[in-house]
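Notes for the one structure printed next.
The values are calculated or read from the model by the stated rules, or taken from the named source; none is laboratory data. This structure is a prediction, so every number in the text was calculated from the model and none was measured. Note that we place each Cβ from the backbone using ideal geometry, even for glycine, and neighbour counts take in every protein chain shown. What goes into the accessible areas is simple: the full protein's heavy atoms, side chains included, and nothing from ligands, DNA or RNA. Shrake-Rupley method; radii C 1.70, N 1.55, O 1.52, S 1.80 Å.
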Amino acid sequence: QVQLVESGGGLVQAGGSLRLSCAASGRTFSSYAMAWFRQAPGKERVFVARINWTGSSTRYADSVKGRFTISRDNAKNTVYLQMNSLKPEDTAVYYCAASSLGTVVSGSYNYWGQGTQVTVSS
């Protein structure tokens, strides 16, 4: 079992930055690929970024490539999402998730956090 708790969301102006954190419980954190998804009001949850077990491989949605960076610290059981050059269209609830498969498909993720709201004002 893995429990995930996100933090770091908030209100920021367009062009600003935020850093999301996701703290995981359990001794097997390093066995899971981790990802961030987001869900805007009235829209489906979509993939944002994922990182493999060791942190050596990452993948991003085209919409955030070059602006967002996912990283992890296995010693701290934490995954991060650094978000720069934020745009109003980045406004959403951001969820972290853990998967033994590490794909970009939400259905392959076994564990989810409760989400953290990110609001970008224009």
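Net charge near Arg67, counting Lys/Arg +1 and Asp/Glu -1 over other residues with Cβ under 15 Å of its Cβ? Around Arg67, the surrounding residues sum to +2. Couplings 3J(HN,Hα) for the stretch 64-71, derived from phi with the Karplus relation 6.51 cos²θ - 1.76 cosθ + 1.60 (θ = phi - 60°), are 10, 4, x, 10, 10, 9, 9, 8 Hz, where x marks Gly and Pro. Rounded to the nearest 20 debye, the dipole magnitude of the chain is 160 debye, with +1 charges on Lys and Arg beta carbons, -1 on Asp and Glu beta carbons, and the Cα centre as origin.
Ligands, DNA and RNA left out, the 1.4 Å accessible surface of the stretch 29-122 is 47% carbon and sulfur atoms.
Straight-line reach from Lys87: which lysines have a Cα under 19 Å away, not including same-chain ones fewer than 8 places off? Leaving aside lysines fewer than 8 places away in the same chain, those within reach of Lys87 are Lys43, Lys65.
Other residues within the sphere of radius under 10 Å centred on the Cβ of Asp90, judged by their own Cβ, net out at +2 (K and R +1, D and E -1).
Can you list which of the trypsin sites (Lys or Arg not before Pro) found in the stretch 1-76 are DSSP loop residues with at most 11 other C-beta atoms within 10 Å? Please list the in-between numbers first.
Details: sites: Arg19, Arg27, Arg38, Lys43, Arg45, Arg50, Arg59, Lys65, Arg67, Arg72, Lys76; in loops: Arg27, Lys43, Arg45, Lys65, Arg67, Lys76.
Those that pass, being in a loop and sparsely packed, are Arg27, Lys43, Lys65.
The residues neighbouring Asn52, those whose beta-carbon lies less than 15 Å from its own, together hold a net charge of +2 under the Lys/Arg +1, Asp/Glu -1 convention.
Give me the accessible area per residue for the stretch 19-122, probe 1.4 Å, as a whole number in Å². Could the numbers behind the result be given before it?
Values: 5050 Å² over 104 residues.
Per residue, the stretch 19-122 has 49 Å² of solvent-accessible surface.
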